Amino acid sequence: MAVEKSPDKDLSKGKWAGLVENLRLIAIALIIAAVVRIFIAEPRYIPSPSMVPTLSVGDRLLVDKISYHIHTPEPGDIVVFEPPPQLQEYGYSASQAFIKRVIGLPGQTVQVSQGRVLVDGEPLIEPYILESPQYEMPAVQTPPNSLFVMGDNRNDSNDSHVWGFLPTDNVIGKAAFRFWPWSRAGSFKPQTLDSAAAPQSLQE
């Protein structure tokens, strides 16, 4: 006499197979998300006012980690980076990412004088800053494999005028897109750092 399969057993096997498939899809999704975060892009949160008015506390960004494998940082780029050794000596963890604007490239001289930032002796037109710097800084030359970076909130920014040059190896990526708050979501326009003798640069 033939023995029929129990409907309950078939249902149980179907549920188990569905659960295994869902777990497999979740695992694949997590792996893809991890690969994207490590190698392509990652979200970041702005915790301080050092980049006001361009970026506000609470803004959330997508950081492009691919571009600088194709080309080097350019003046005007907003970069996210790990604290350099001189900041880690003051207690900052390597996991505490900073965000600033690139002002000086290797070989360029940067100076702050009479409320203006000068690169290679030429004052910059900077429509994106909150206010003019209220400090003086003698001319310094950016060494090889380094950047001179500053916050757009010049008088409330812990940047290169305080702790020195940023090694390019510390750069995580380029701020590419603000996804929060929705009212100010969008990509960042290219910002050319023009001298006073050049046409007005793009507004943020």
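Rule-based calculations on the coordinates, nothing more; no lab input. Note that the structure is predicted; figures quoted are calculated from it, not measured. Positions of Cβ are backbone-derived with ideal geometry, glycine not excepted, and every protein chain shown enters the neighbour counts.
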remark   = If we keep only residues of the stretch 39-66 that are in contact with a Gly (Cβ under 7 Å, 6 or more places away or on another chain) and not in a strand (DSSP E or B), then the residue surrounded by the most Cβ atoms within 10 Å (Cβ to Cβ) is 51
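Condition check ((1) without any contact (Cβ under 8 Å) to a residue 40 or more places away in the chain; (2) of a type in the set (Val, Ile, Thr)) across all residues:
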position: 59; (1), (2): no, no
position: 78; (1), (2): no, yes
position: 83; (1), (2): no, no
position: 96; (1), (2): yes, no
position: 115; (1), (2): yes, no
position: 119; (1), (2): no, yes
position: 122; (1), (2): no, no
Residue selected from the stretch 115-148 under the condition touching a Gly at 6+ places or on another chain (Cβ under 8 Å) and polar (S, T, N, Q), by the criterion surrounded by the most Cβ atoms within 10 Å (Cβ to Cβ) = 142
remark   = Looking across the stretch 67-102 at residues that are surrounded by fewer than 18 Cβ atoms within 10 Å (Cβ to Cβ) and of a type in the set (Asp, Glu), the single one that is nearest to residue 158 (Cα to Cα) is 89
inquiry  = Filter the stretch 146-169 down to the residues that are closer than 14 Å to residue 78 by Cβ and assigned to a loop (DSSP other than H, G, I, E, B) and list them by number.
reply    = 151, 152, 153, 157, 159
request  = Being under 21 Å from the mean Cα position of the chain (by Cα) and in a strand (DSSP E or B) is the filter here, so list the residues in the stretch 86-145 that pass it.
outcome  = 98, 99, 100, 101, 102, 103, 104
